[in-house]
Structure formats: structure tokens, C-alpha cells
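A quick write-up on the structure given underneath.
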Amino acid sequence: MPKVVFELDSTKSFTEQAIVGHNRWHPDIPAQVHVKPGDSFRVHCREWFDGAIHNDDSADDILNAPLAGVHVLSGPIAVEGAEPGDLLIVDILDIGPIPQEDSGPLSGQGWGYTGVFATRNGGGFLTEQFPDAYKVIWDFTGGVATSRHIPGVSFVGIQHPGLMGTAPSAELLARWNAREQALIDTNPTRVPPLALPPLPDSAILGSIPPGADFDRIAGEAARTAPPRENGGNQDIKNFTKGTRVFYPVFVDGANLSMGDLHFSQGDGEITFCGAIEIGGFMDLHVDLIKGGMATYGVGENAIFMPGITDPQYSQWLAFSGTSVTLGGEQRYLDSHLSYQRACLHAIDYLTSFGYSDIQAYMILGAAPIEGRLSGVVDIPNSCSTVYIPTAIFDFDVRPGAGGPHRIDPGMGVPHSPA
């Protein structure tokens with residue numbers, strides 16, 4: 001096992017640790033750990049809500065989740081010799097959940113959860129159809145996820161970090177804040193909001209003590225919710241073991257951070273509090289390509305080589321959608337809308353087997369579905385598709401002359417009305 005450079009005690013909350021990470025992006029958050037090019041090391045990561053979500057049959061904790069405090073990130077980790085303009089090479093050597101026997105009393109460690117936020121808290125990809133809060137608990141046995149809330153489904157996990165990236169420069173941070181505030185200003189009262197501006201409340205800034213400097217940084221620092229040029233919360237399910245990422249370096253040391261680990265996820269993480277959220281560990285190897293951004297024409301966005309541990313499925317059931325609203329309004333090559341329609345198509349199909357619509361929605365968020373842009377040139381309709389592996393079901397999910405098999409939906413998905 002590589003040396004643990006960022007160690008967390010899973011019986012303590014994030015801010016009670018010997019080394020405290022952060023939950024905002026800012027160039028002035030100092031590195032907590034220093035490594036050298038060529039080093040391999042282990043990092044512990046907390047579940048993104050730091051244990052606020054519980055293994056029970058209520059969705060009240062999702063409804064009242066402490067959104068201002070996410071994501072709790074391990075880092076920053078400075079890489080010796082890294083300078084702006086370099087490419088930081090990050091290899092994911094291994095990744096997984098913390099075993100149940102080591103998890104202590106805090107949640108999100110030896111098990112995981114998928115949630116849907118209420119619309120007022122950001123909703124999800126299908127928030128108009130699912131405006132309330134929901135939660136599904138998943139148990140892990142031999143690398144396979146099952147849930148008491150969604151019977152008849154099991155699948156192999158594809159563990160990956162939802163969030164990993166380097167620190168922004170001051171100039172890049174200012175650009176983020178300016179462009180996102182301009183978007184908010186187009187409809188400042190929208191629910192959910194168009195973007196998340198800096199929020200001093202609940203900011204965690206590593207080793208920076210309270211005082212004027214803390215207040216300044218907390219007022220400038222970017223929230224970690226969206227993906228940006230530094231990587232960040234990209235939620236790419238193929239960031240599995242064996243992945244190699246080339247991150248642009250914007251500050252001396254690069255200041256790499258990571259967190260928001262997932263046991264499994266469908267393309268798009270469409271439930272938002274989605275995937276299967278866990279706490280766990282990552283084994284990493286780092287190196288540098290000096291001047292790599294200019295050498296390889298890498299602007300301000302990472303490139304990566306996908307991992308090697310995806311589950312092997314041979315049969316899929318695919319659902320298509322086009323850029324026409326549910327009310328029949330034609331939109332021009334709207335791939336966001338066509339993917340929504342493909343997801344709703346899949347949900348409608350799965351309800352014919354006895355699942356509720358929210359159970360079907362949770363399957364799409366947590367299971368390793370494939371989402372694809374299948375046609376983006378044939379005006380006026382974009383076509384998107386959702387591929388569901390048939391082997392995740394304990395019954396034959398394909399259409400047949402005998403009609404759909406009817407499952408017992410069990411206790412269903414915990415629900416807390418907004």
C-alpha cells in the first residue's frame with residue numbers, strides 16, 4: 001500500500017481532522033501536503049456531505065442537506081517543481097470505499113446512497129418531473145451494489161472520483177466569478193438558481209486561521225459544484241482505476257485536490273445528488289510535463305485516458321429522445337432536451353415492469369448506463385440515446401410477446417415533500 005499522505009479518521013467530522021481540507025477553490029489556500037514527481041501515495045476522502053446522510057428509510061436528510069458545505073475535498077497537494085503552463089500527470093492506481101468495519105459511526109463509508117434534491121435545493125436533471133427530495137441506500141457485497149429500495153437490480157461498481165482538479169490562478173478565478181455572476185444576473189430569482197456565487201457561509205479553507213485573510217478568501221473563492229477549466233466536479237464515470245489525467249497547472253505546485261467519490265454512476269449523474277456517494281480512498285501517482293500546455297495545445301481544460309475496469313456488459317436496451325418538449329414545442333438541436341426525453345423514455349418503459357417512476361429514475365442515476373449524442377446535425381432535431389445494460393436486472397427486461405415481467409416494487413424510495 002502506498003504511503004498515506006492525507007489521512008482521515010472516519011469517526012471524526014471533516015473539520016475535526018489532524019489535517020483539514022477545503023471546500024472552495026482559491027489560489028491562496030495553502031497546500032497541506034507536498035509530494036514529488038514520480039511519487040505514489042494514498043489519499044483518504046470523506047463522503048461529499050461529510051456524514052450528513054444516514055442509512056435509514058427517510059429522505060429528510062436529503063431535503064435538509066447542508067449544501068453550503070460541499071464538497072469536502074482532500075488537499076491541496078503540492079507537486080514539487082510544478083509551474084503554470086505545465087501539465088500535471090495523475091494516474092489513478094486504485095480506488096474504493098472504506099470497508100464497513102473501518103467506517104465508524106459516520107455515514108457514506110461502508111455503504112452508499114443516491115439522492116434527488118428538491119427543486120429549491122437545485123433539483124436534478126428531471127426536476128420538473130421530480131420536484132421533491134428522495135433517497136436510495138445501496139449495500140455493497142463483493143463489489144456489487146443492491147438496494148432494499150429498488151428490488152430486482154444489481155450491478156458491479158465502477159468506483160471513481162466525481163471531483164478532482166488543480167487550483168485556479170487569481171486571473172482564472174476572477175473570470176469564473178465574473179461570467180457566472182453575469183449569468184445569474186439574467187434571472188436572479190430563478191429556482192433553482194442559474195449558478196452558485198461565492199458564499200462565505202460554511203467555507204472551509206484548510207489551514208487558514210480565522211481573520212481578515214480568511215474572510216477575503218471566503219468572499220472570493222469559487223464553489224466546487226460545477227466543473228470548470230481546472231477539472232473540478234466533472235462526474236465522469238470512466239475516471240476509474242487505470243485512468244491517466246493530464247491537468248493544466250495554473251499555480252506553483254499545481255495544488256491538486258480530490259473528493260466526492262462514487263461507487264457507481266450513470267452517464268450524466270442525472271439525479272444530481274446522484275451516482276452512489278461514498279467515502280473512501282484513492283491511490284495516486286503524479287508526474288509532470290514541463291511546458292506541456294503549450295507543447296500539446298492544451299488550453300485550460302484537462303484531457304484524460306479512461307480507466308481499465310469498466311464492467312463488461314454485452315447486451316444493452318437503448319432509448320432515444322429528440323429535441324421536442326413534452327408539450328410538443330420544437331427546439332433547435334437542443335441536446336440537453338433530447339437527453340432528458342431519452343431518460344424519460346427509459347423511465348416510462350421501466351414503470352411497465354412495476355417500478356415507480358422515481359425507482360426508475362434512481363436506476364438511471366446510479367447504474368452504469370451509457371449516454372450518447374447520437375445525432376446533432378439533422379435540423380431541427382437533436383437525437384440523444386440512453387443505453388441500459390440488461391444484465392443489471394434479475395429478470396428479462398427486453399420486450400417480448402408475453403408482456404413485461406411484473407416485479408414487487410417493495411418498500412419503494414423514501415420521499416420527503418418539499
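The values are calculated or read from the model by the stated rules, or taken from the named source; none is laboratory data. In this text, all values refer to a predicted model and were calculated from it rather than measured experimentally. Every residue, glycine among them, receives a Cβ derived from its backbone with ideal geometry; neighbour counts consider all protein chains shown.
Just to be sure before I move on: is D91 in contact with a Phe, Trp or Tyr (Cβ under 7 Å, 6 or more places away or on another chain) and of a type in the set (D, E) in the structure I sent?
no
Tell me, please, whether a residue that is surrounded by 24 or more Cβ atoms within 10 Å (Cβ to Cβ), touching a helix residue (DSSP H, G or I) at 6+ places or on another chain (Cβ under 7 Å) and not hydroxyl-bearing (S, T, Y) can be found in the range 74-82.
No: zero hits.
Being farther than 27 Å from I236 by Cβ and crowded, with 17+ Cβ neighbours inside 10 Å is true for just one of P399, P414, P380. Which residue is that?
P414
Being surrounded by 13 or more Cβ atoms within 10 Å (Cβ to Cβ), touching a residue at least 60 places away in the same chain (Cβ under 8 Å) and either of a type in the set (D, E) or closer than 29 Å to D86 by Cβ (or both): is that true of L199 here?
no
This table checks each residue for (1) surrounded by fewer than 14 Cβ atoms within 10 Å (Cβ to Cβ); (2) of a type outside the set (F, W, Y); (3) in contact with a Ser or Thr (Cβ under 9 Å, 6 or more places away or on another chain).
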residue	(1), (2), (3)
T295	yes, yes, no
P306	no, yes, yes
F319	no, no, yes
S323	no, yes, yes
I347	no, yes, no
S356	no, yes, no
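Condition check: acidic (D, E) and either within 21 Å of D132 (Cβ to Cβ) or outside any loop (DSSP other than H, G, I, E, B) (or both). Does D396 satisfy that?
no
Considering L183, L172, L126, which residue is assigned to a helix (DSSP H, G or I), hydrophobic (A, V, I, L, M, F, W, C) and in contact with a Leu (Cβ under 9 Å, 6 or more places away or on another chain)?
Just one listed residue meets the conditions, L183.
What is the one condition in (1) over 28 Å from V377 (Cβ atoms); (2) of a type in the set (G, A, S); (3) under 24 Å from the mean Cα position of the chain (by Cα) that S338 does not satisfy?
Checking S338 against (1) over 28 Å from V377 (Cβ atoms); (2) of a type in the set (G, A, S); (3) under 24 Å from the mean Cα position of the chain (by Cα), the one that fails is (1).
Where in the range 1-77 are there strands (runs of 3 or more DSSP E), lying wholly inside it, with at least 1 residues that are under 19 Å from the mean Cα position of the chain (by Cα)?
Where strands (runs of 3 or more DSSP E) fall fully within the range 1-77 and carry at least 1 residues being under 19 Å from the mean Cα position of the chain (by Cα), they are 40-45.
Could you tell me which of the residues G231, G266 is at pLDDT 95 or above, within 13 Å of the chain's Cα centre (by Cα), farther than 28 Å from D287 by Cα and not acidic (D, E)?
Working: G231 fails: farther than 28 Å from D287 by Cα.
Testing whether each residue is at pLDDT 95 or above, within 13 Å of the chain's Cα centre (by Cα), farther than 28 Å from D287 by Cα and not acidic (D, E) leaves just G266.
Tell me yes or no: at least one residue of the range 80-91 is in contact with a His (Cβ under 6 Å, 6 or more places away or on another chain) and not hydroxyl-bearing (S, T, Y).
yes
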